[in-house]
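Report on the structure given below.
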Amino acid sequence: MTTSARNQSQTDRQPVPQELAGKVAVITGGAVGIGRGIALELAARGADTVIADLDEANGRKVVSEVEALGRKALFVRTDVTQQDSTDAMVKAALDRFSKIDILVNNAGVWGAPGWSDRTEITSQDWDTVFNVNVFGAVHAMRSVEKHMQDRKSGKIVNISSVAGRIGMGGSAHYSASKAAEINVTQAYALRLARFNINVNSIAPGVLWTPLTEKAMARRAKVQPEIAGMSPRQAFDRVVEDRVPMGREQTPGDIGKTCAFLVSDRARSITGQTLNVTGGWQMN
């Protein structure tokens, strides 16, 4: 083993600081992918978690994983496109834990059902991504803001995308929704700053998730340079062509960034969107 590998191995074995001990985090879209990575990272740092998702089977698996880390967890079936559903999500969290310190808006889609099988984006795709990616985050923030205002404390993190920084011709609907999410983050940061509530965003780069697999399958149908490739091959080509650091990002990478933004270390950071892209996008 090389010295650098040995040092990395020793670093990996160091205990994770319990900087979020006693905190309660609500994570929308927490059942798979990035949401699961965030939930496990926050739990590893001491937070009890509420997994809010439509995917009950996987959501309950994440609850079990969080509990295996010694933290409390709750699954709440939530449709973020409906205000009454996010209201019920917050009520369930308060009934169980009496408070909410952290809200992570991670629920997101690329289009309406069947979008990955179509070569053309439809009006329904536009409506669906805005209903989930933009209005879903707004609904959740509206549901929780009164509670956080009363406590004069709170951390909100919205999960946007590198696509919100740079328009993507084949996915204009998705890019536009993620750009809107960045703007909403800034607007809510201004709105809630006087209540000591931090509102920030993360723009992930290239991650292999179930959603990405579908997106890459669709791209292989419409982009000549990757025609005929498997979704994973197309994904690896994107990493090779666009990521200066030459490696994909992971849900754990996003989880660690989120853990920083909801910690006291970031108490003076608000209204910001932090790229986690391996250098693909720099601001």
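The values are calculated or read from the model by the stated rules, or taken from the named source; none is laboratory data. Source: prediction; values computed, not measured. Positions of Cβ are generated from backbone atoms using ideal geometry, with glycine treated the same way; all protein chains shown enter the neighbour counts. For accessibility, only protein heavy atoms count, side chains too; no ligands or nucleic acids. Shrake-Rupley method; radii C 1.70, N 1.55, O 1.52, S 1.80 Å.
Cβ-Cβ distance of GLU67 and ARG265, R₀ of 30 Å, FRET efficiency by 1/(1 + (r/R0)^6): the value works out to about 0.65. The sum of -39500 (n - 2.57) across all DSSP H runs of n ≥ 4, divided by the residue count of the chain, sets its helix-only mean residue ellipticity at 222 nm to -15000 deg cm²/dmol.
Working from Cα pairs under 8 Å separated by at least six residues, relative contact order for the chain is 18 percent.
Think of the range 134-283 as having a plus end and a minus end, set by charges on the Cβ of Lys, Arg, Asp and Glu; of VAL276, ALA163, CYS258, CYS258 sits farthest toward the positive end of this dipole. Segment GLN83..LEU54, full-extension length gain: 9.0 nm, with 0.36 nm per residue of separation and the alpha-carbon distance subtracted.
Taking amide H positions as modeled 1.01 Å from N, with prolines and chain starts lacking one, the residues under 5 Å from SER201 and 5 or more places away or on another chain are ASN158, GLN272, THR273, LEU274. Each other residue within a Cβ distance under 14 Å of ALA43 adds +1 if Lys or Arg and -1 if Asp or Glu, for a net charge of +1. You can think of it this way: the chain between VAL222 and MET282 has 18.9 nm of extra reach, that is 0.36 nm per residue less the Cα-Cα gap. This model, with +1 at the C-beta of Lys and Arg and -1 at the C-beta of Asp and Glu, gives the range 57-172 a dipole about its Cα centre of some 600 debye.
Over the range 74-202, what relative contact order in percent results from Cα pairs under 8 Å that are six or more residues apart?
Details: 192 pairs, mean separation 34.4, N = 129.
Relative contact order for the range 74-202 comes out at 27 percent.
The magnitude of the dipole of the range 205-280, with charges of +1 and -1 set on the Cβ of Lys/Arg and Asp/Glu and taken from the Cα centre, is near 160 debye. I'd like the carbon and sulfur percentage of the solvent accessible area for the range 1-158, probe radius 1.4 Å, heavy atoms only, ligands and nucleic acids excluded. Summing carbon and sulfur atoms, their accessible area is 49 percent of the total for the range 1-158. Peptides 161-169, 139-147, 254-262 ranked from most to least packed, by the mean per-residue count of other Cβ atoms within 10 Å: 254-262, 139-147, 161-169. Mind jotting down the distance between the C-alpha centroids of the range 141-160 and the range 22-90, whole Å? Computed from Cα coordinates, the inter-centre distance equals 16 Å.
Listed by chain and number, the aspartates and glutamates whose alpha-carbon sits under 18 Å from that of LYS99, ignoring those within fewer than 8 places in the same chain, are GLU19, ASP48, ASP87, GLU145, ASP150, ASP264. Remark: the range 273-278, residue by residue, has Karplus-estimated 3J(HN,Hα) of 10, 9, 6, 10, 10, x Hz, where x stands for each Gly or Pro and the curve is 6.51 cos²θ - 1.76 cosθ + 1.60 at θ = phi - 60°. The charge dipole of the chain, taken about its Cα centre with unit charges on the Cβ of Lys, Arg, Asp and Glu (plus for the first two, minus for the last two), comes to roughly 700 debye.
Among LYS146/LYS214; LYS72/LYS256; LYS61/LYS155; LYS23/LYS214; LYS72/LYS178, which pairs are too far apart, with a Cα-Cα distance over 28 Å? Those over the limit are LYS146/LYS214; LYS23/LYS214; LYS72/LYS178. Under 8 Å for C-alpha pairs, at least 6 residues apart: give me the relative contact order for the range 13-62, rounded to a whole percent. Rounded, it is 43 percent for the range 13-62. Rounded, prolate or oblate: which fits the range 127-223, taking a ≥ b ≥ c as square roots of the Cα gyration tensor eigenvalues, rounded meaning a/c under 1.5, else prolate when a/b beats b/c? Prolate, because a/c is 1.5 or more and a/b exceeds b/c. The overall shape of the range 1-159, judged from the alpha-carbon gyration tensor, is oblate: a/c is not under 1.5, and a/b is no greater than b/c. The overall shape of the chain, judged from the alpha-carbon gyration tensor, is oblate: a/c is not under 1.5, and a/b is no greater than b/c. Highest average first, the peptides 151-159, 188-196, 87-95 ordered by how many other beta carbon atoms sit within 10 Å of their residues are 151-159, 87-95, 188-196.
For the chain, report the accessible area per residue in Å² (1.4 Å probe, heavy atoms, rounded to an integer).
Working: 13070 Å² over 283 residues.
Dividing the accessible area of the chain by its residue count gives 46 Å².
When the chain is treated as a GNM with alpha-carbon contacts under 10 Å, the residue of ARG265, ARG218, ARG60 showing the greatest mean-square fluctuation is ARG265.
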